[in-house]
Amino acid sequence: MKDNQLKIAVILGSTRDGRFGPAVGTWILDQVAQRGDMEADLIDLVETPLPTVFPVLGQPPASHEARDLLAAVSPRMAAADAFVIVTPEYNHSFPAILKNAIDWHTTEWHAKPVGFVSYGAFSAGLRAVEQLRLVLAELHAVTIRDSVGFQRVWEQFDGHGKAVDPAAGAAAKVMLDRLAWWAHALRDAKALRPYAA
Ligand SMILES: Cc1cc2nc3c(=O)[nH]c(=O)nc-3n(C[C@H](O)[C@H](O)[C@H](O)COP(=O)(O)O)c2cc1C
């Protein structure tokens, strides 16, 4: 990793059999890779599932299995300077599995920016994104105004994983530029004065 590069955790928020999430996730990873200022770490909730039973408040999970599952994800989220959440829209919201991943973490989100790449049938996933903003505000995260959205996601990528609409790449650049601005600003501020939640 180059000096001063930002670490971006890209969270892939769908686990459905036959999901389109990987096409969208691979595409945004490619957009990140084309820049020199950030490096992405893909957190795919199929590859690294999290427990769905929560422990008693304030206590760690009782089972080794649950602790091992968390150990595969939580340190990577803690190390991230910023996040990109890739989310579909399910019933005008975001998938339950993504909420589960969010809820397992607290300080990992604090004072960090979050950008969105959303997709769906007709809404481009925008309702999922608006609901995520409410949730992430509770976790002291800063959501980026500009996002990337794909309507009718199954029509949006060619056989090489490229987005068919050139506007998608332009939208990703705006979102990632703003994400980088906030990530640098917050990283610098936290180095000066730790964030107190
Ligand atoms: C349970 C479920 C609910 C859905 N609800 C919506 C919806 O409210 N709005 C929409 O635009 N698309 C909706 N869709 C379509 C999905 O956004 C679309 O199929 C997308 O590909 C799902 O992401 P995935 O393929 O990564 O699972 C829904 C799909 C599923 C499976």
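The values are calculated or read from the model by the stated rules, or taken from the named source; none is laboratory data. Owing to the predicted nature of the structure, the values given are computational and were not obtained by experimental measurement. Counting neighbours? That spans all protein chains shown, and the Cβs are built from the backbone with ideal geometry, glycine included.
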Specify the residue that is farthest from the ligand (Cβ to nearest atom); the eligible residues are those in segment 1-25 that are within 24 Å of Tyr90 (Cβ to Cβ) and exposed (fewer than 15 other Cβ atoms within 10 Å of the Cβ).
Asp17
Look at Leu42 and say whether it is under 26 Å from Met175 (Cα atoms), within 16 Å of the ligand (Cβ to nearest atom) and hydrophobic (A, V, I, L, M, F, W, C).
yes
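Taking segment 45-60 on its own, how many of its residues are more than 16 Å from the ligand (Cβ to nearest atom) and either surrounded by 18 or more Cβ atoms within 10 Å (Cβ to Cβ) or at pLDDT 95 or above (or both)?
Here is the first cut: in segment 45-60, the residues more than 16 Å from the ligand (Cβ to nearest atom) are 48, 50-60.
Okay, now just the ones that are also either surrounded by 18 or more Cβ atoms within 10 Å (Cβ to Cβ) or at pLDDT 95 or above (or both), so 48, 50-56.
Going through segment 45-60 one residue at a time, the tally reaches 8.
Please go through segment 61-81 and pick out each residue that is among the aliphatic types (A, V, I, L, M) and out of contact with any Phe, Trp or Tyr (no Cβ under 7 Å at 6 or more places or on another chain).
First pass over segment 61-81, keeping only residues among the aliphatic types (A, V, I, L, M): 62, 66, 69-73, 77-80.
Scanning segment 61-81 gives Ala62, Ala66, Leu69, Ala71, Ala72, Val73, Met77, Ala78, Ala79, Ala80.
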In segment 168-177, is there at least one residue being outside any helix (DSSP H, G or I) and out of contact with any Gly (no Cβ under 6 Å at 6 or more places or on another chain)?
no
Could you tell me which of the residues Gly36, Gly58, Gly18, Gly25 is under 19 Å from Val148 (Cβ atoms) and not in a strand (DSSP E or B)?
Gly25
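Given the criteria at pLDDT 95 or above, of a type in the set (D, E, K, R) and over 14 Å from the mean Cα position of the chain (by Cα), does Asp68 qualify?
On the way: at pLDDT 95 or above: yes; of a type in the set (D, E, K, R): yes; over 14 Å from the mean Cα position of the chain (by Cα): yes.
Here the answer is yes, as Asp68 does meet what is asked.
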